[in-house]
Amino acid sequence: MGNSLICRTKKDAKDNGSKSKRMGRSQRKMLAEEEFLHKQALSMALHQHQLSQRFDGSMSRRIGSTSSRRHADPLANEKKLLESLEKIKFKKIVLLHGEGFGAWCWYKTIAQLEEVGLQPTALDLTGSGIDLTDTNTVTTLAEYSKPLIKYLENLPVDEKVILVGHSSGGACLSYALEHFPEKISKAIFLCATMVSNGQRPFDVFAEELGSAERFMKESQFLIYGNGKDKPPTGFMFEKQLMKGLYFNQSPTKDVALAMVSMRSTPLGPIMEKLSLTPEKYGTGRRFYVQTLEDRALSPDVQEKLVRENPPERVFKIKGSDHCPFFSKPQSLHKILIEIVQIP
């Protein structure tokens, strides 16, 4: 190491003049670059100041608002929502399925509502889901709605619930509004049969399925539980048709779940004309949620329903098929939360 140092010293002494010149040029170059960067930074700062003066501070306000949005705390927003929902008096939400479905179809909605502190309950209507009743024996809307009726009858006197009905389950909502108006704080019709007085739930689907009389005579989807010589007792669509009507936007896994879970629908309840009075049904707070990619109940038909029987408010879900609890669960959740918070 000592020899190395001696050699370097001799070489340094020998080349001292040339090295000094190189260092001088290098230092001058570095200083020049630093001066250039410094001037550039000053120029940018001056330009920014001039812009802020030109727009009277509007830019700084925009920058500030953008920054606050960028650093918005999702936990704070969630906490605010939870605090708001905590003040809601009636937190119980009863979910009613449509034709062929069961309580199982609400699995995403139940999880989302529970996460924000609400108390959802999904019911199997008579002969649906895991209810063992033979659908061929269910002939009236009262029978079909029996699980809902029992639930409402057992509610404490001072308690109310929010009802959500999907598709033909909307008829059960209407029936409940007529018979238990004091038990229902709000009724939400989800692409549902929100019929008027004297109408049948089936009438809503007439555009897709034809008249009730023609359907009863010609449909290939009818079930004759009491024999071919007796009137039909139920119906169930073929699987490929169901996929096209109900699930044109739904995830594959949810469609697969539906294909192994759906059951036949009793015919009597949807062919029954409802008797709805202004004194009872008419006093209920109704809300309607439209699904804009729906092939089972077209947007035009849904628009006609709300025009002929106006609810308090109408909401729309873009990109949703007839089953928004599958195809657009987040959008449906946001709408339900919004309705829950309406005073």
Packing-wise, with mean Cβ within 10 Å as the measure, how do 296-309, 225-238, 168-181 rank, highest first? 168-181, 296-309, 225-238
So for the pair Lys217, Thr137, with labels modelled 7 Å out along Cα→Cβ, what separation do we get in nm? 3.3 nm
Report the gain in length on full extension from Lys239 to Ala76: 0.36 nm times residue separation, minus Cα-Cα distance, nm rounded to one decimal. 54.2 nm
Accessible surface, 1.4 Å probe, highest first, among residues Glu182, Glu338, Glu207: Glu207, Glu182, Glu338
Measure of exposure for Ile223: accessible area at 1.4 Å probe, Å² rounded to 10, is 50 Å²
How much length would be gained if the chain were fully extended between Glu86 and Arg295, taking 0.36 nm per residue of separation minus their Cα-Cα distance, in nm to one decimal? 71.5 nm
Determine the alpha carbon to alpha carbon distance for each of Lys186/Lys328; Lys228/Lys318; Lys91/Lys253; Lys150/Lys228 and list only those over 32 Å. Lys228/Lys318; Lys150/Lys228
Area of Cys191 that stays accessible when all protein chains are in place (1.4 Å probe, Å², to 10): 0 Å²
Quick one: how many Å² of Thr133 are accessible to a 1.4 Å probe, rounded to 10? 50 Å²
Theoretical gain in end-to-end length, Thr283 to Glu159 [0.36 nm per residue, Cα-Cα removed]: 42.9 nm
Rounded, prolate or oblate (a/c below 1.5 giving rounded, otherwise prolate when a/b exceeds b/c) for the range 89-339 by Cα gyration tensor: rounded
Which of Ser275, Ser167, Ser211, Ser185 is most accessible, then next, and so on - probe 1.4 Å: Ser275, Ser211, Ser185, Ser167
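The values are calculated or read from the model by the stated rules, or taken from the named source; none is laboratory data. Note that the coordinates shown come from a computational prediction; the quantities given were computed from them, not determined experimentally. Positions of Cβ are backbone-derived with ideal geometry, glycine not excepted, and every protein chain shown enters the neighbour counts. Ligands, DNA and RNA are stripped out before the accessible areas are found, and what is left, the full protein with its side chains, is counted by its heavy atoms. Shrake-Rupley method; radii C 1.70, N 1.55, O 1.52, S 1.80 Å.
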